[in-house]
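> Next up is a structure, given as structure tokens.
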Amino acid sequence: MNDEPALERAYRRLLLAYPRRFRRDRGTEILTTLLDAAPPGRRRPTAWDAVDLIVGGIRARFLPPPGALNAVTATLAALLVGIGGAAATGWLGWQASTTMPSAQAAAATAHTAFGEPATDPVADPGDPLDQDWLGMRTSPGDEGNTGPHPAPGAVQVRLRTGSQDPVSVLAGARERMVAAGWRTDGSTADNVFWASKGDQVVRVTARAGDRTPDGGGSWSEGDPVSLMVSVHRPAPGAVTVLTLAGLLAGAVTGWLAAAWALHARARHRSRLRVATLVLGLSSLTLGVTTVLLPALAGVAGLASIDGWSPHDSLVAAAAVRGAGVLAYVTALGLAGTAVLAVLAPATPAPAGPLPRAKHPVLWLVALSLLVAFLGLSGQIAL
């Protein structure tokens, strides 16, 4: 005869790998089966039994119910919530970073470039989620900048010179900055160069005309040259780490929440099961078309460009902002699905297919809602 108290305790410990609900519903049945199958004198489970119970517990806790549709649903939920997590942590990390130089520091840098005191600095905080800036993020590289990538915000200072030769004016500014210990890139023949030193990344341009830092004025050939200095901070590199952490945390949360909701839905009665299906599927469809696909398209576009900028980490946040109110509708829909999952009864619902003929109106409403969401999402995506 086997030592049932010791063996039973060992099996009960292994059954802790399963969720409490599963242990309550089927724990006694599984335990009895295992004890009856054990040969006399056994005091501990076999390695195979232990592995089987642990793997089964992990599946019950972290995997959705079997089926391709359930796997796709959990995957989309993980991707969508992951994008939301990346957007939140990336944006918060950017806001917590110092991405604007002070006016005093910018004026001192401009003084170095001009060779004389600089006045009237103009601050332009920029918009880190501006699609134009994200799309042109490589323009510093196109202009020869091989140093740190600048953040969008800048303090701009202008100096009107008496020269009509922008190349010589720019060459003089470059010589003064090199002499002051700045690292410079780019060609003065293109009327622009970049410089970096410490926590500043500077773009220096020379154009004929009376161009003001705020975009006023005009360029005209033959006019005196205006020298423009735009002082940036480097894009904060820590944002990339925060974004990846948010992406991972969101993806894990989305997967676990979807798996839990799908298991809970299986215990619902027919009406509540259909309501959970309609709300969850509609919310996922809306989120995929308005948030997930634009974010993935942005990542794919950046992947085709050489190099990586910390600013690329804000693609997810830009996609969420681009979705506008529909992003909030998606979040509310997913939250509502979770609420419906909480309403699942403590015991499993009777097995069997959902009744179809008894609730034709409910199915018609479900189909109408899904078609409406798909149509709205298609218009937004286009």
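Please treat every number below as a calculation from the coordinates, not as lab data. If you're wondering where the values come from, they're calculated on a predicted model, not measured in any experiment. All Cβ positions, even for glycine, are placed from backbone atoms using ideal geometry, and neighbour counts span all protein chains on display.
> Taking just the C-alpha trace of the stretch 4-62, give me its Rg and Dmax in Å.
Rg then Dmax for the stretch 4-62, in Å: 11.0, 35.
> If I stretch the segment between SER102 and ARG183 completely, what's the gain in nm (0.36 nm per residue apart, minus their alpha carbon distance), one decimal?
Roughly 27.1 nm would be gained on extension.
> Still on this structure, I have one more. Rank the residues GLU8, GLU29 as a footprinting-exposure proxy: fewest other Cβ atoms within 10 Å of their Cβ go first.
By the 10 Å Cβ count, ascending: GLU29, GLU8.
> List the residues whose amide H sits under 5 Å from the amide H of ASP124, counting only those 5 or more places along or on another chain, with H placed 1.01 Å from N in the peptide plane.
When sequence neighbours closer than 5 places are left aside, the close amide H contacts are ALA154, VAL155, GLN156.
> Where does each of PHE62, PHE193 land when they are ranked from fewest to most other beta-carbon atoms within 10 angstrom?
PHE62, PHE193
> Between ASP199 and ASP127, what is 0.36 nm times their sequence separation minus the Cα-Cα distance? Round to one decimal in nm.
Residue separation times 0.36 nm, minus the Cα-Cα distance, leaves 24.0 nm.
> At 0.36 nm per residue, minus the direct Cα-Cα distance, what do ALA47 and LEU16 gain on full extension? Give it in nm, one decimal, please.
So the chain would gain 9.5 nm between ALA47 and LEU16.
> Give the long-range amide H neighbours of SER163: residues separated by 5 or more places, or on another chain, with amide H under 5 Å away, using H modelled in the peptide plane at 1.01 Å from N.
Here the answer is VAL225, since their amide H atoms fall under 5 Å of that of SER163.
> Fewest Cβ neighbours within 10 Å first, please rank TRP260, TRP194 accordingly.
If I rank by nearby Cβ atoms, fewest first, I get TRP260, TRP194.
> What FRET efficiency comes out for THR28 versus LEU244 if R0 is 56 angstrom and r is the Cβ-Cβ distance? Round to the nearest 0.05.
Between THR28 and LEU244 the formula returns 0.80.
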